[in-house]
Structures are given as structure tokens and as C-alpha cells.
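Input: a single structure, listed below in C-alpha cells.
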């Protein structure tokens, strides 16, 4: 399942929507690192992703949903429904083991 929209694009979209500059992330990242993420030259770790999302005041799943569904809200709804079903199946299987 390939991301329709790149994580780098999603990061930049949310940052700009929140009227944040790359420098606004200085408590968790350098401007240079933010630039490399937004140019798709590096990929953040999960913990770094959580820190960046904290600055942007969005849940990491919001960023990932945007990365996988792009700006298509219908696609986002379908994706979130799929995630919910898969989580339920995994949790159900875990209780049966």
C-alpha cells in the first residue's frame, strides 16, 4: 500500500496550515532537518514524528492519514475505517491466543 501523498508533502501541508515556520520546530529539530524532511531526503523516526506533530498540534495519525490519502477526505474516511477494522481483528486474535 503505497502512500498517495508523500509524508514530506503532508508534513509541509500541515506546517503551513498551522502558519508555522521551519524555525518554529527548534525545540525538537533544526531548520535544516525540517528542510530535509520536507524535501523527502530523510524519514523521521516514530518518536521524532510524534515530537513534530506535537509542535503542529495534530495527532501523528492525522499526518499519516494525509500522507496515505492525500487531500481526498473520502479516501481518508475509507482508510480510517480500514484501520479500525484491522485493529479490532488484531485485538480479537490477541485475546484468542
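Only the coordinates and a few stated rules stand behind these numbers; no lab work does. What you see is a predicted model, and the numbers here were worked out from it, not measured in a lab. For neighbour counting, all protein chains shown are included, and Cβ atoms are generated from backbone atoms with ideal geometry for every residue, glycine included.
Dividing the summed helix terms, -39500 (n - 2.57) for each DSSP H run of n ≥ 4, by the number of residues in the chain produces a 222 nm estimate of -21000 deg cm²/dmol to the nearest 500.
Taking 8 Å as the Cα distance limit and 6 or more residues as the minimum spacing, I'd like the relative contact order of the chain as a percentage. Intermediate values should be presented prior to the final figure.
Values: 74 pairs, mean separation 34.3, N = 97.
Result for the chain is 35 percent.
By its C-alpha gyration tensor, with a ≥ b ≥ c as the square roots of the eigenvalues, how is the stretch 53-97 shaped: rounded for a/c under 1.5, else prolate for a/b larger than b/c, else oblate? In terms of gyration-tensor shape, oblate. By the count of neighbouring beta-carbon atoms within 10 Å, fewest first, 73, 13 end up ordered 73, 13. Springs join every pair of Cα atoms under 10 Å in this Gaussian network model of the chain, and among 51, 86, 23 the largest mean-square fluctuation is at 86.
Set the Förster radius R0 to 41 Å, insert the Cβ-Cβ distance between residue 39 and residue 86 as r into 1/(1 + (r/R0)^6), and round the FRET efficiency to 0.05. In this case the efficiency is close to 0.85. Relative to the longest principal axis of the Cα atoms of the chain, the long axis of helix 46-56 makes an angle of roughly 60 degrees.
Calculation over all alpha carbon pairs of the stretch 7-96 in 5 angstrom steps from 0 returns a P(r) of 3, 14, 22, 22, 14, 11, 8, 5, 2, 0 percent.
Helix 73-96 axis versus longest C-alpha principal axis of the chain: approximately 50°, rounded to the nearest ten.
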